[in-house]
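The values are calculated or read from the model by the stated rules, or taken from the named source; none is laboratory data. On a predicted model such as this, the values are computed, not experimentally measured, just so you know. Positions of Cβ are generated from backbone atoms using ideal geometry, with glycine treated the same way; all protein chains shown enter the neighbour counts.
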């Protein structure tokens, strides 16, 4: 059981193109949401709000918004290949996801300064659960740059701030393992600069 967890963690990576002919049933969506709700939250406020979007028109509006925001985003010096891959996702790959999950935080449950420390662990649980089920997913935050438009599309009240959106579906092609730096490059023993 423990080895299975570490295997899922090592396989989790962003999926940016989905099989448009395979639906994702509500039973699978509920399983990933169930995993998300077991994440830690600041002072156990559990401020999460998950809007599951199946409707093709709403999904198209979300992906159009993301494409516009990506086109207007400043160049952050991203690796050229990664930039092209992400650009392709915003340019159409994400549009093939049969399900979108808009993740927000309710101001009435938690104050804004504490919300991100609750939202991102929930999204991580969601991503890991999707991977364990064989689904592809990706956390995107660019649409949170225009919360008013996301609220309009997802029908969120003013008290719910959108933080992330997660496209969910079956990967269009097998996903290889993510590229990560080894522990020895990122960990230090006792103090910075001391080799692990």
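Data for the structure
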quantity	calculated
Within region 47-63, considering residues that are in a loop (DSSP other than H, G, I, E, B) and touching a strand residue (DSSP E or B) at 6+ places or on another chain (Cβ under 9 Å), the one farthest from residue 88 (Cα to Cα)	47
Given (1) assigned to a helix (DSSP H, G or I); (2) farther than 20 Å from residue 26 by Cα, number of the condition residue 161 does not satisfy	(1)
Which numbered condition residue 69 fails, given (1) surrounded by fewer than 21 Cβ atoms within 10 Å (Cβ to Cβ); (2) within 26 Å of residue 36 (Cβ to Cβ); (3) out of contact with any helix residue (DSSP H, G or I) (no Cβ under 7 Å at 6 or more places or on another chain)	(3)
Some residue of region 77-85 being touching a helix residue (DSSP H, G or I) at 6+ places or on another chain (Cβ under 7 Å), farther than 24 Å from residue 152 by Cβ and in contact (Cβ under 8 Å) with a residue 24 or more places away in the chain	no
Per-region count, region 64-84, residues in a helix (DSSP H, G or I), at pLDDT 80 or above and over 19 Å from residue 164 (Cα atoms)	4
Residue within region 144-163 that is within 12 Å of the chain's Cα centre (by Cα), modelled with pLDDT under 95 and buried (at least 21 other Cβ atoms within 10 Å of the Cβ) present	no
Residues of region 39-59 satisfying the condition of being on the phi > 0 side of the Ramachandran plot and either at pLDDT below 95 or loosely packed, with under 15 Cβ neighbours inside 10 Å (or both)	43, 44
Count - residues of region 38-76 that are over 20 Å from residue 126 (Cα atoms), under 17 Å from the mean Cα position of the chain (by Cα) and touching a residue at least 40 places away in the same chain (Cβ under 8 Å)	4
Selection within region 9-38 - at pLDDT 95 or above, assigned to a helix (DSSP H, G or I), in contact with a helix residue (DSSP H, G or I) (Cβ under 8 Å, 6 or more places away or on another chain) and closer than 17 Å to residue 170 by Cβ	31, 32
Hits in region 170-184 (condition: over 20 Å from residue 130 (Cβ atoms) and in contact with a strand residue (DSSP E or B) (Cβ under 8 Å, 6 or more places away or on another chain))	184
Qualifying residue in region 157-175 (condition: out of contact with any helix residue (DSSP H, G or I) (no Cβ under 9 Å at 6 or more places or on another chain), in contact (Cβ under 8 Å) with a residue 24 or more places away in the chain and within 26 Å of residue 44 (Cα to Cα))	yes
Residues that are over 21 Å from residue 79 (Cα atoms), assigned to a loop (DSSP other than H, G, I, E, B) and either under 27 Å from the mean Cα position of the chain (by Cα) or touching a residue at least 12 places away in the same chain (Cβ under 8 Å) (or both), drawn from region 179-196	187, 196
